[in-house]
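Engineer: Pasting in a structure now, in structure tokens, and then I'll have a few things to ask.
We did not get these values from a lab; they are worked out from the coordinates using the rules stated. Worth saying up front: this structure is predicted, and the values here are computed from it rather than measured. Note that we place each Cβ from the backbone using ideal geometry, even for glycine, and neighbour counts take in every protein chain shown.
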């Protein structure tokens, strides 16, 4: 068999291999562009103004008689994503939406908004950490035992129980 015929017979296999490698690399997004990282950047954008967001949430809560949940976290925290994911589950989201205004407070690399964490007596060594405020801004509860810091493995019933405990009375 002539050498050019051998190459011609191998051409479909080479093309198939090249196509497979290119489609595999196209499916893998760079680490900074995956959906979890993108959602965390949405939750904890680097340019947010947490004090203004808290003020806005308190104004809204005063009007609709809801509580304010301060969720201290960061864009690098997978458990922060896991807690937000749970807040949007069908059995939890209605409880959140009807009783709370949620404010995500970015702590950066433990170097941002620490004054807010201190103001609301919420330790942020382990995150996410949650504080519950009345519609008037009074601290009702802060997580001092890092209850949600392992949100990825937390039983959703514990989140529901927490939200039921701290929702406004009817």
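Engineer: Restricting attention to segment 46-79, which residues are in contact with a helix residue (DSSP H, G or I) (Cβ under 9 Å, 6 or more places away or on another chain) and within 15 Å of residue 139 (Cβ to Cβ)?
Structural biologist: 54, 67, 68, 69, 70, 71, 72
Engineer: Same structure again: Pick from segment 107-145 the residues that are more than 21 Å from residue 66 (Cβ to Cβ) and buried (at least 17 other Cβ atoms within 10 Å of the Cβ): which of them is nearest to the chain's Cα centre (by Cα)?
Structural biologist: 127
Engineer: Within segment 115-143, how many residues are out of contact with any strand residue (DSSP E or B) (no Cβ under 8 Å at 6 or more places or on another chain) and within 18 Å of residue 77 (Cβ to Cβ)?
Structural biologist: Qualifying residue count, segment 115-143: 2.
Engineer: For segment 147-167, give me each residue that is surrounded by fewer than 15 Cβ atoms within 10 Å (Cβ to Cβ) and either free of Cβ contacts under 8 Å to residues at least 40 places away in the same chain or touching a strand residue (DSSP E or B) at 6+ places or on another chain (Cβ under 8 Å) (or both).
Structural biologist: Initial filter on segment 147-167 (surrounded by fewer than 15 Cβ atoms within 10 Å (Cβ to Cβ)): 150, 152-153, 155-158, 161, 164-165.
153, 155, 157, 158, 161, 165, listed by residue number.
Engineer: Is there a residue in segment 134-146 that is more than 17 Å from residue 116 (Cα to Cα), free of Cβ contacts under 8 Å to residues at least 24 places away in the same chain and in contact with a helix residue (DSSP H, G or I) (Cβ under 8 Å, 6 or more places away or on another chain)?
Structural biologist: no
Engineer: Scan segment 63-74 residue by residue and report those that are buried (at least 18 other Cβ atoms within 10 Å of the Cβ) and part of a loop (DSSP other than H, G, I, E, B). Even if it seems obvious, please write down each step before you answer.
Structural biologist: As a first pass, look at segment 63-74 and keep what is buried (at least 18 other Cβ atoms within 10 Å of the Cβ): 66-74.
The answer is 66, 74.
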